[in-house]
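Here is the structure we will look at.
The values are calculated or read from the model by the stated rules, or taken from the named source; none is laboratory data. Being a predicted model, the structure only gives us computed values, none of them experimental. Cβ sites come from the backbone with ideal geometry, for glycine too, and all protein chains shown count toward neighbours. Please note that ligands, DNA and RNA were not included when accessible areas were found on the heavy atoms of the full protein model with its side chains. Shrake-Rupley method; radii C 1.70, N 1.55, O 1.52, S 1.80 Å.
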Amino acid sequence: MKFATKAIHAGEEPNLKEGGCGDVVFPIHLSATFARKEIDKPTGGYEYARTSNPTRRALEKRLAALENAKYGLAFASGLAAETTLALALLKKGDHVVAFEDLYGGTRRLFDKTLANFGLEFSYVDASDVGKVSNAINSNTRLIWLETPSNPLLRLCDIAAISKVAKQHGALTVVDNTFASPYLQNPFNLGADIVLHSTTKYIGGHSDVVGGAIMLSNDELYAKLKFNQNALGAVPSPFDCFLVLRGTKTLALRMERHSQNALKIAEYLSVHPQVEKVIYPGLETHPQNKLAQKQMSAFGGIVTFVLKGGKSKTADFLKKLNVIALAESLGGVESLINQPAVMTHASLASEERERLGVTENLLRLSVGIEDYDDLQADLEQAL
Ligand SMILES: *Cc1c(COP(=O)(O)O)cnc(C)c1O
């Protein structure tokens, strides 16, 4: 099946067997435990809902299908997925090479929590394959990428880096949240493990927090599945239902997000109040060629720098009506964020400066509203 079909049907076939009622939408199974007929045999493979439950299993099949993977695992949040991944695959003394542009919460998890358990992290500019290669040591187990990155929309060459990682016996993990599985499939490019915050595009409606891991290796899956149960950071059946529901429109939404975002990027590029626009789909983006190679369209995030400083930026943000000022991204509604003050406030100011996250830099998560209304809102505020 093609993507849009799998996104509606994988894991959610109507139950037409004896005793089934043919429901087209998979039920929300709230039962925390499952009764047995025979002492040594769980009914239908279910024992206790942290270990597995039918709604989560339906979602996990869907998640696997979206990324062309053999297995999917659902978690209570993107960070719960990341924590489980790290604790399942790493042990004291292991080293991770990570992109310096990683999501702030991921860096916080690595530096403030996991580093206390004897894990080592090196941050490099992974938009340069050579820098990743140079950072690999004999104890490097994982290469952790995010592409496009947040908020600067820098790209990593997944195919080239996966190749280098394999030569050194390290696994490549790609946080594919910003692209979504509709626009980019890291497995097809050689990655080993794909990670998502389903809170963003996969859920798509800003009404559920969730995470996912997709992979195809049997041995790694067994480790992750064991740790999903052992650590217990699992989503509720209702959350699973919401994410499943979200996936059904993912293809349509990503098409519209990408169309609206490209038009907004082009509009802002020639606006006299705008200093700079960063969007992988623009020819002015330094990695536009790579974006064309590894993504099928360029996604819904547009980052831009306003002319003028702090107070002009604040005025602009206050004047927006349709576009809400909020953290998060990937929902149907357009949201704007001032990273230096909001999502990236926890970074040291020198680090923000070095990366170019200035106070007049804004990250716009372009929604699927009518394009004309979005442009008009920006126009009056500018
Ligand atoms: C939001 C986000 C996360 C964390 O996910 P939560 O669901 O908020 O825990 C991880 N990576 C990226 C790229 C994100 O945008």
Query raised in the report: How long is the gain from Val341 to Glu47 if the chain were fully straight, where each residue apart is worth 0.36 nm and the alpha carbon distance is subtracted?
Result: 101.2 nm
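Given a Förster radius of 30 Å and the C-beta distance between His205 and Asp373 as r, what FRET efficiency does 1/(1 + (r/R0)^6) yield to the nearest 0.05? Spell out each step's value before the answer.
Numbers: r = 19 Å, r/R0 = 0.62.
Computed FRET efficiency for His205 and Asp373: 0.95.
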Query - Inter-site label distance for Met1 and Gln259 at 7 Å from Cα along Cβ, in nm - result: 2.4
Query - Dipole of the chain, positive end: most advanced residue of Val174, Ser206, Gln228 [Cβ charges, Cα centre] - result: Gln228
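Which trypsin sites (Lys or Arg not before Pro) from region 301-382 combine a DSSP loop assignment with at most 14 other Cβ atoms within 10 Å?
Values: sites: Lys307, Lys310, Lys312, Lys318, Lys319, Arg352, Arg354, Arg363; in loops: Lys307.
Hits after loop and neighbour filter: Lys307.
How would Tyr48, Tyr182, Tyr201 line up by accessible area, probe 1.4 Å, largest first?
Ranking Tyr48, Tyr182, Tyr201 by accessible area, largest first, yields Tyr48, Tyr182, Tyr201.
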Report task. With +1 on each Lys and Arg Cβ and -1 on each Asp and Glu Cβ, and nothing else charged, work out how big the dipole of the chain is about its Cα centre, in Debye to the nearest 20. Result -> 700
**Report entry** Inter-label distance for Asp111 and Lys307, nm, one decimal - labels placed 7 Å from Cα along Cα-to-Cβ
**Finding:** 3.5
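At 4 °C and 1.567 mPa s, what whole-number value in µm²/s does Stokes-Einstein give for the translational diffusion of the chain, with Rh from the Kirkwood sum over Cα pairs?
Values: Rh = 21.6 Å.
Estimated via Stokes-Einstein, D reaches 60 µm²/s.
Could you calculate the contour length gain from Ser328 to Asp315, that is, 0.36 nm times the residue separation minus the distance between their Cα atoms, to one decimal place in nm? Don't jump to the answer; show the numbers that get you there.
Values: separation 13, 0.36 × 13 = 4.68 nm, distance 2.12 nm.
Answer, rounded to one decimal: 2.6 nm.
Tell me what the chain gives for mean residue ellipticity at 222 nm when only DSSP H runs of n ≥ 4 count, each as -39,500 (n - 2.57), the sum divided by the residue total, rounded to 500 deg cm²/dmol.
The per-residue figure over the chain is -10500 deg cm²/dmol.
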Report task. Could you state the accessible area per residue of the chain in Å², with a 1.4 Å probe and every protein chain left in place? Result -> 44
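Would you work out what percent of the accessible area of region 3-247, with all protein chains in place, is carbon or sulfur (probe 1.4 Å)? Can you show the working numbers first?
Working: 5510 of 10200 Å².
It is 54 percent, rounded to a whole number.
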Query raised in the report: How large is ³J(HN,Hα), in whole Hz, for each residue of region 264-279 in order, when computed from phi with the Karplus curve 6.51 cos²θ - 1.76 cosθ + 1.60 and θ = phi - 60°, using x for Gly and Pro?
Result: 5, 4, 5, 4, 5, 4, 9, 7, x, 8, 10, 7, 7, 10, 10, 8
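At most 16 other Cβ atoms within 10 Å plus a DSSP loop assignment makes a site exposed; report the longest stretch of the chain without any exposed GluC sites (Glu not before Pro). If you can, show how the numbers build up before the last one.
On the way: sites that count: Glu18, Glu47, Glu283, Glu327, Glu333, Glu369.
For GluC sites (Glu not before Pro) (loop position, at most 16 other Cβ atoms within 10 Å), the longest site-free span of the chain is 48-282.
Taking only the alpha-carbon atoms of region 215-312, what semi-axes of the equivalent ellipsoid follow from 5 times the gyration tensor eigenvalues under a square root, in whole Å, largest first?
Working: eigenvalues 283, 62, 51 Å².
Equivalent-ellipsoid dimensions as semi-axes: 38, 18, 16 Å.
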Query raised in the report: Once the Cβ-Cβ distance between Asp40 and Leu16 is put in as r, and R0 is 30 Å, what FRET efficiency do you end up with, to the nearest 0.05?
Result: 0.50
Report summary line: Note, region 33-43: 3J(HN,Hα) by Karplus (6.51, -1.76, 1.60, θ = phi - 60°), whole Hz, Gly/Pro = x, goes 9, 10, 6, 10, 8, 10, 4, 9, 9, x, 5
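Quick check: from the Cα gyration tensor, does region 261-382 come out rounded (a/c under 1.5), prolate or oblate? Mind showing how you got there, number by number?
Values: a/c = 1.44, a/b = 1.08, b/c = 1.34.
It is rounded, given that a/c, with a ≥ b ≥ c, falls under 1.5.
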**Report entry** FRET E, pair Glu353, Thr33, Förster distance 41 Å, beta-carbon r, rounded to 0.05
**Finding:** 0.15
Report summary line: Applied in sequence order to region 101-113, the curve 6.51 cos²θ - 1.76 cosθ + 1.60 (Karplus, θ = phi - 60°) yields integer Hz couplings, x standing for Gly and Pro, of 8, 3, 2, x, x, 6, 5, 5, 4, 5, 7, 9, 10
Report summary line: In whole angstrom, the spacing between the Cα centers of region 1-28 and region 206-222 equals 20
